Structure formats: structure tokens, C-alpha cells
Amino acid sequence: MNSKQFELLSSSKVLVTGGAGFIGSNLCETLLDLNAEVVCLDNFATGKRENLSAIHDNSKFTLIEGDIRNLDACKRAVAGVDYVLHQAALGSVPRSINDPITSNEVNISGFLNMLVASRDAGVKRFVYAASSSTYGDSEALPKVEDKIGKPLSPYAITKYVNELYADIFHTTYGLDTIGLRYFNVFGRKQDPHGAYAAVIPKFVIQFMKHESPVINGDGTYSRDFTYIDNVIQMNLLALTTGNQEALNQVYNTAVGDRTNLKQLTQLLKKYLSEYDPEIANVEVEHGPNRAGDIPHSLASVDKAKELLGYEPQYKIEAGLKEAVEWYWENLLVNK
Ligand SMILES: NC(=O)c1ccc[n+]([C@@H]2O[C@H](COP(=O)([O-])OP(=O)(O)OC[C@H]3O[C@@H](n4cnc5c(N)ncnc54)[C@H](O)[C@@H]3O)[C@@H](O)[C@H]2O)c1
């Protein structure tokens, strides 16, 4: 990782939308560590105040409570900002299936508001959270950026429309953008609670309570699980790259390895039973496959390596070990 390249952030002001969420709050912390000035725009729909507790009093940090569906709030947030890391959205495929209208309003209209506000404020670069769901029903593996299928959920449509809008804002208005197609991100501060929790934190908390996690399907479905620090690296590279050819593109943001659900639960049991040996005896259950799920997902990260200089630092095992340690230290009270 070229940390010298990141030094330019020390004299920059960066807006992180969705900065109270899992990925956004980790980005805010890293940017402050790099001495950047950070503005966070969030309406706390799924984000949490406790995610900001370590940085809330930092004099270089500003929290703006507001909604990206409100253009004025977006304009206020981008005022005087050099760069935008747009993370705010309603995640989760099932959430979008249950309520496609709200997902559309936040993820598409909110995204468009942020593009308009960024264009009008003259921001230098707009880096945004795209998604592996854009690969839709394409069965090709590994996934390469220019071969996508048909979207399989309202959420996937919203993330694909983001890419189309970002492209048009570059060609029409000259706004420089980079889209990062995140693949199943996990790590510290990811919410384990609620109906739409992601599989890793949800299973961690269930194992910690000695409850059986339920795998959707037979456990052979696989994903390119990506530790948060790899995602942070991609965001920093996207913000600071001097390679003009790298701009106005989308990149897989992943490791380039896949792990199936059976393997994942075995790894979680192994690492968690180092803290509580009884977890080794907790059995896993199986339920039906879930609507909108594809059997396998695996990214090629060649484009990110070539154009951005990306080098994933964490394979799944190292990431899971750190994530498990974090959940153990921070969520013991919930046991
Ligand atoms: N976690 C993953 O595996 C993954 C995978 C692909 C893409 N993504 C994308 O990455 C981004 C961050 O996801 P995350 O996992 O950190 O989720 P998260 O839910 O923890 O964070 C999203 C943040 O956006 C905020 N937000 C939602 N609606 C808003 C609105 N109308 N106005 C202002 N703020 C709003 C939430 O309060 C929250 O703080 C999202 O765009 C998501 O779609 C995540």
C-alpha cells in the first residue's frame, strides 16, 4: 500500500456520507488518522452514534445530521469539501424486496442529489460505494468489471443506476468519479442486530449466545468475503490516485478468494472457541435458499491492482480473526 500517496489527504477536507454506518465510520476514523478534515452526513437510518464515539470530539470532525433525499442537506454538507466518499444508502437485498420505494428514494434520488451537490460545489473527486450485486444473474467467475448480468433485486437495480449516473455526470459535467463494487464486506462495527444484518456479524453473535445459526441452503453457496481494511485501502487509493486513466471507472473491491458458508461457519467456530470453548459444540442449521441470492460470487481484482495499485492486505482468515476479537471485546455485554 502506497501510504506516501495518502499524505495529500492531510491538507484535504473529505465528506463521508453514511459516516455513522459500518463502512463510513471506519473511513472517517482512518481519514482523521491521516490528519484530514472530515465531514459526516448521516440521518442515522441504520448508522449509530456509538460508531462515532471515538471521533466525535475530534476538532477536525463535523457531524451534519441530515438526509441525502434532501438536496439542501447535501449542498450544506459538500460546501468547501475537496473530496466525497459517498457511502449513504439503504443496504440489504431483502430490505429492498420488502420496501423497494424507500430503497429507490435513498439509493437513487439521494445519490443523484449528492452528484448534483458535488458538481455544483466543484468537488475534485466523487468516490462512491457500488456493489457486487450489479453482476446480477451473470454466472461467469471470476467477476470482471465489464461483464454484468441482469439485476436480481431492487437493491441491485439501485446500485447499477448509481454507476450509470456517475458515468453521465462525468461525460456531461466533467465530474470525476470512481465506483467501488464492494463484495460482502465485514469487520469491526458491522451491525449484528436486526432483520437485515449481514451473515458474518449475525452468525458471530448467535455463536456467542450459543444459538444455532441458520444457513440459507446447503452451505455450498460462496462469497468473496472482504475485510474492512481492504475496503479502506481501496477508498484511499481511489481518492488519491494520480493516474488519470484510473478515473471514471468502477472497480471490484474484494480479495479474489471465495469461501462457502460451511467453511465460513467452521472458521467462525474455530476462532470464537478460542474465547469460549463451548462454542465448538454449537451446531449449525439449514433453511431454504433466499430470494435474490446467487450461488457463487468471486471477484477478479486485477483491474484494481493494475490501475490503482491495490494489494489486498487481509485474506478472510486474518480478517475474521480480527473481527471476532472485536466482537468479543465489544459485545460481551449482550451475551
Ligand atoms: N457491507 C457490505 O457488504 C456492502 C456491500 C456492497 C455495497 N455496500 C454499500 O456500502 C455502503 C455502506 O454500507 P454499510 O455496510 O456501511 O451499511 P450501513 O447501513 O452500516 O451504513 C449506511 C449508512 O448510511 C446512512 N443512511 C442511510 N440512509 C440515509 C439517508 N437517507 N441520508 C443520510 N444517511 C443515510 C445510514 O444511517 C448508515 O449510517 C452502502 O452504500 C452499501 O450499499 C455495502
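The values are calculated or read from the model by the stated rules, or taken from the named source; none is laboratory data. This is a predicted model, so every value here is computed, not measured. Cβ atoms come from the backbone with ideal geometry, glycine included; neighbour counts cover every protein chain shown.
Okay, residues lined up against (1) of a type in the set (Val, Ile, Thr); (2) part of a helix (DSSP H, G or I); (3) buried (at least 16 other Cβ atoms within 10 Å of the Cβ); (4) modelled with pLDDT under 95:
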residue	(1), (2), (3), (4)
76	no, yes, no, no
102	yes, yes, no, no
106	yes, yes, yes, no
110	no, yes, yes, no
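Do any residues in the stretch 163-182 that are free of Cβ contacts under 8 Å to residues at least 24 places away in the same chain have Cβ atoms under 9 Å from those of residues that are in a helix (DSSP H, G or I) and within 16 Å of the ligand (Cβ to nearest atom), where the two are at least six apart or on different chains, and which pairs are they?
Once the first residue is free of Cβ contacts under 8 Å to residues at least 24 places away in the same chain and sits in the stretch 163-182, its partners that are in a helix (DSSP H, G or I) and within 16 Å of the ligand (Cβ to nearest atom) give 168/115.
This table checks each residue for (1) out of contact with any strand residue (DSSP E or B) (no Cβ under 6 Å at 6 or more places or on another chain); (2) over 30 Å from residue 14 (Cβ atoms).
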| site | (1), (2) |
| --- | --- |
| 232 | yes, no |
| 240 | yes, no |
| 250 | no, no |
| 255 | no, no |
| 258 | no, yes |
| 279 | yes, yes |
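In the stretch 62-107, what residues are among the charged types (D, E, K, R) and either within 17 Å of residue 38 (Cβ to Cβ) or near the ligand (Cβ under 9 Å from one of its atoms) (or both)? Step through it out loud before you land on a result.
Filtering the stretch 62-107 down to residues among the charged types (D, E, K, R) leaves 65, 67, 69, 72, 75-76, 82, 95, 99, 105.
If the condition is that a residue be among the charged types (D, E, K, R) and either within 17 Å of residue 38 (Cβ to Cβ) or near the ligand (Cβ under 9 Å from one of its atoms) (or both), then 65, 67, 69, 76, 82, 105 are the ones that fit.
Restricting attention to the stretch 207-220, which residues are crowded, with 18+ Cβ neighbours inside 10 Å and either assigned to a helix (DSSP H, G or I) or at pLDDT below 95 (or both)? Walk me through how you get there before you give the answer.
Filtering the stretch 207-220 down to residues crowded, with 18+ Cβ neighbours inside 10 Å leaves 207-208, 213, 215.
Matches in the stretch 207-220: 207, 208.
Kindly indicate whether residue 149 is away from the ligand (no atom under 12 Å from the Cβ) and at positive phi. Show your work before the answer.
On the way: away from the ligand (no atom under 12 Å from the Cβ): yes; at positive phi: no.
Answer is no for this residue.
Of the residues that sit in the stretch 154-193 and are surrounded by fewer than 20 Cβ atoms within 10 Å (Cβ to Cβ) and aliphatic (A, V, I, L, M), which one is nearest to residue 96 (Cα to Cα)?
Of everything passing the filter in the stretch 154-193, 161 is nearest to residue 96 (Cα to Cα).
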